[in-house]
Every structure is written in C-alpha cells, then in structure tokens.
1. Test of understanding: among Glu29, Glu51, which residue is under 18 Å from Leu5 (Cβ atoms), surrounded by fewer than 13 Cβ atoms within 10 Å (Cβ to Cβ) and modelled with pLDDT of 95 or more?
2. Of the residues Ser83, Ser50, Ser100, Ser73, only one is in contact with a Gly (Cβ under 6 Å, 6 or more places away or on another chain) and small (Gly, Ala, Ser); which?
3. Is it the case that region 42-58 has a residue that's among the charged types (D, E, K, R) and within 18 Å of Lys74 (Cβ to Cβ)?
4. Cβ-Cβ under 9 Å, sequence separation 6+ or interchain: first residue in region 86-113 and without any contact (Cβ under 8 Å) to a residue 60 or more places away in the chain, partner of a type in the set (Lys, Arg). Which pairs?
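The values are calculated or read from the model by the stated rules, or taken from the named source; none is laboratory data. Here the structure is a predicted model, which is why all the values come from computation and not from measurement. Reconstructed Cβ throughout: ideal geometry from the backbone, glycine too, with neighbour counts over all protein chains shown.
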Amino acid sequence: METRLDTEVHGSVGIVRIAGDLTPTAEEELSAAWGKASGDGHRAVVLDFSEMEYMNSGGIGLLVQLLVRANRSKHGLAATGLSDHYRQIFQVTRLDEAISIHDDVDQAVAAAG
C-alpha cells in the first residue's frame, strides 16, 4: 500500500496525518510534510498514526531523522494514534523517551501548544 500524508495546522502546532505504509519509499513525501508542518513559527509537530497500516524498520529510521530535525530546529515532537503494537516498538526503540505519545490529536495539540 502506498503512503498518504496530509498536513494541517492548529495554532502553533503542525499535524502530519500518516495513512497507509510508512517505509523508506515515503522519505521525500515525509520530508515535504515535515517542512509544511514545522514552518511559519510552529513550535511543535504532531504525527498522527491513526490511519497507518504498516511501518518497517526503514519507517522507524525516517522517524529518527524527523527527531533529529526537530531537535536541531527546537520543535517539539509528539505522536498519537499508535496501536498497541507500535507503542511497544516505540518503547523498545526508546523513541517514546524523545517523542511524547498521546491518546488523541486534541490531547497532543494541547500538550504541545
């Protein structure tokens, strides 16, 4: 399945909604979505995984790249919509220590804003 990324803004928080598969083939599209979501004075970016169907190790690598970009640009980074399986992966890879995890987009936006 292909990847679809939609970007929107809530105040000073950009949201990237990830649908389909997150694999290395999505690198350019994810980078462009990051640019939109993190621009114009936005302080944080929320990654919404609620419509993601699959993520492989390459997709995790893309998240690490976003984390590096977020740290360099001093943006907060949050995640929402993770299934129990992907929450476990975030814990095992320790991504949950750098990317705050929330139950829904509204909660993530409130925490980030």
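1. Glu51
2. The conditions single out Ser50.
3. yes
4. Filtered contacts from region 86-113: Asp96/Arg87; Ile101/Arg87.
To keep it simple, each residue is scored yes or no on (1) more than 17 Å from Ser83 (Cβ to Cβ); (2) at pLDDT below 95.
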| residue | (1), (2) |
| --- | --- |
| Thr7 | yes, no |
| Ser12 | yes, yes |
| Arg17 | no, no |
| Thr25 | yes, no |
| Ala33 | yes, no |
| Gly39 | yes, yes |
| Ala44 | yes, no |
| Leu47 | no, no |
